[in-house]
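The values are calculated or read from the model by the stated rules, or taken from the named source; none is laboratory data. In this text the structure is predicted, and so the values were computed from the model without any measurement. Don't worry about glycine lacking a Cβ; one is built from the backbone with ideal geometry, like all the others, and counts go over all protein chains shown. What goes into the accessible areas is simple: the full protein's heavy atoms, side chains included, and nothing from ligands, DNA or RNA. Shrake-Rupley method; radii C 1.70, N 1.55, O 1.52, S 1.80 Å.
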Amino acid sequence: MKAYSRLLGIVAVAVIAVLGPATAASAHEERPTRELDGTGSVPVYRTAGPTLLVCKSDQADFATRVAGFPAELKAANEQLWQQCQQDGYRHIQQAVDAAHLPGTIIKILPGVYLEEPSLAPPSPECAAMENGAVRGKIYGYPVLTWDQQLACPHLANLVAILGKKSLQLEGTGAGPLDVLVDAQYKKLNAIRADNADGVYFRNMSAQRAQFNAFYVMETDGFVLDRTVGRWNDEYAFLTFAVDHGLYTDCEGYGNGDSAIYPGAASNINKDRGHDVPRYAVEIQRCYGHHNTLGYSGTAGDSVWVHDSVFTENTAGIATDSAFPDHPGMPQNHSKFERNIIANNNVDYYQYIVDGTCKKPFEQRGYEQGVVCPAVGLPVGAGVVNPGGNYNIWRDNHIYDNRYAGFVTSYVPGFVRNDTEFAQQFDTSHHNRYLDNVMGVSEKGEAKPNGLNFWWDGQGVGNCWTDMSGTNIRTLPACGENDLPGLGTHRYLGEPAGTLKMYACAGFNGGAQHLPSDCDWYGAYAAHGIERIEVKWAVGGAVVLGLLAIGLYYRRLRGSKRALPGLLLAVGGLTVGVFGTVEMGSVLHPIGLALYGAGFALLGLALRGTRARKFGVMTLIVAVFALLGAIDHGLLMIPWLPVSPALLRVLMEIVWIPWALGAVVAAPRPTPATADPAPPAEPEPATA
């Protein structure tokens, strides 16, 4: 066990030293939150109770808005409007402030609510508070404490529901867009419900916030029912540090991060396996489209997403463990089933590059279809899951995502500011991919993904039901009772995959920077030799091939084994490059097999010279290359803590300077000598 830990430690230090910290996924910055005790419940829609009315006073405008309603609904709204003119409120915030009884229902009549009183200049005390508040390191907005929110509720919020219990806000129109809360990009949040246990939103919309349309925080029990969030710089619906939540029949579009974000949901299952008693948040029959993401959830723990649709985004779904100092890490125990995750190929990164996203919010054109991506993602990905544990993906239709149906990878703990040794390897474990319908629509139409699955190779206990079209051809299968068979036992990813994820994480929207050697970013994506992993494959092949040729001409020309070994090695390196270019190609394991066989012959030839130790080193490289061919071509080798590819690369790092020394130091052998005996073997050079 000590040797096993020492191996992991050496490899981890090497990888972290080379790669350094990676860019985190987008999330949001907030005050420290308390852990909810979980005693709440999902609120139920009520038709009776203390009731307050909100309406506007322009009768002609109101008449126009209700003119097309069904007769019964129109008559009910007209009656409510007459009543509201007598004893109702003109602004939603006024009604919220007047709701002193738990269980109050606020009925909001059709209209656009700009909440003008909330836009008044802050008092001197609030202005001073805002100027002195801690500011987020990423976005720069003031991160207010709970007491500061109470004292100055409209520094960040158009409508603020703070500390109110069991409040129900519902629009009385025919659809959600009949009641519209419009922040006009003047506030961070259009509607914020904070410590508002039992809050229920129904049949209403919010739009044009600097961050969130609907924001529910630190709340045990909430419902978002038939609600729409659109044209926000970040999220349509953001719920954070919540429990007993339900999103139902919601819709979000035109958002820079995602339509739906259940981040840091109550971490109720963190110490369990796949058998869980309940989920903290349920999302059903929702529709996320034309956003950077349909769904995102940094530390989206214990979330059940089902029977929903995520289409025509840049990427469909992301749930991750890649944000510093975020509660609930690492992400765990979410279940996604019976969803449609399709045609997520919209490239919004053009607006980063051309400067549109540097303009003031109101000048960007969000209402005309512009989206400013808040995070770097593969254009054309169905699901992106960096660093999740114990997630279940079952019976989803995932199709027509041009990059990949799934993209999943490792996230070391230092990315989220967890520095303990064990936490560098605590993500991407025990995930199950069960009976998903890949590349075929719910109507039975063939609509293939680019790849069905891209995986960096890291993780323990992950398994898949039958899946073709993968970058690693030997995904471990799920057996009886959906349990992994031999499973995976890898604590670090494949070198090429890890390198790719690191390079692609270099997105910086504020600096208008897209990584030039990453194949994620639509019209600006790298292709072929431009891709980082292909560059390294070509560079490594050239160096190894030239050194092999040099060894042959300087030391081994008289050996019968050396020439076929050289030809096999150079051929394998060449084939391997083409296998790297074409993700998932059988050429990759074939190239490794040829390269390994060639190096085995070269190593045996070197063993017949005075360079016996160097011959052993060459044989070790050959062994790991051949193991890599098995690992990627036949069967993922169980119980290895790291992939043979990573061990091969580490051995090559030792082999290259040693080979260089052997080439430089050796005299050219005479062709007549069968196994030349050059001068004493050089010591390994220092890498």
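Numbers below:
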item: Glu251 accessible area, assembled protein chains, probe 1.4 Å, Å²; result: 50
item: Under 15 Å from Lys358, Cα to Cα: aspartates and glutamates that are on another chain or at least 8 residues apart; result: Asp233, Glu234
item: Tyr390 - accessible surface, heavy atoms, 1.4 Å probe, Å² rounded to 10; result: 60
item: Heavy-atom SASA rank of Lys270, Lys165 (probe 1.4 Å, accessible area, largest first); result: Lys270, Lys165
item: Carbon + sulfur, % of accessible area of the chain - ligands and nucleic acids excluded, 1.4 Å; result: 58
item: Lysines whose Cα lies under 22 Å from that of Lys335, excluding same-chain neighbours fewer than 8 positions away; result: Lys270
item: Per-residue SASA entry for Lys335, accessible area with 1.4 Å probe, Å² rounded to 10; result: 40
item: Of Lys137/Lys500; Lys535/Lys613; Lys56/Lys107; Lys137/Lys164, those spanning more than 22 Å from alpha-carbon to alpha-carbon; result: Lys137/Lys500; Lys535/Lys613; Lys137/Lys164
item: Kyte-Doolittle mean at least 1.6, axial Cα span of 27 Å or more - DSSP H helices of the chain; result: 532-551, 562-581, 644-665
item: Centroid-to-centroid separation of the stretch 600-658 and the stretch 483-504 [C-alpha atoms, Å]; result: 20
item: Lysines whose Cα lies under 16 Å from that of Lys359, excluding same-chain neighbours fewer than 8 positions away; result: Lys186
item: Accessible area in square angstrom per residue, the chain, 1.4 angstrom probe; result: 39
item: Ranking by accessible area, most exposed first, for Arg65, Arg230, Arg555 with a 1.4 Å probe; result: Arg65, Arg230, Arg555
item: Ranking by accessible area, most exposed first, for His527, His289, His397, His513 with a 1.4 Å probe; result: His527, His513, His397, His289
item: At most 12 other Cβ within 10 Å, DSSP loop - trypsin sites (Lys or Arg not before Pro), the stretch 370-444; result: Lys443
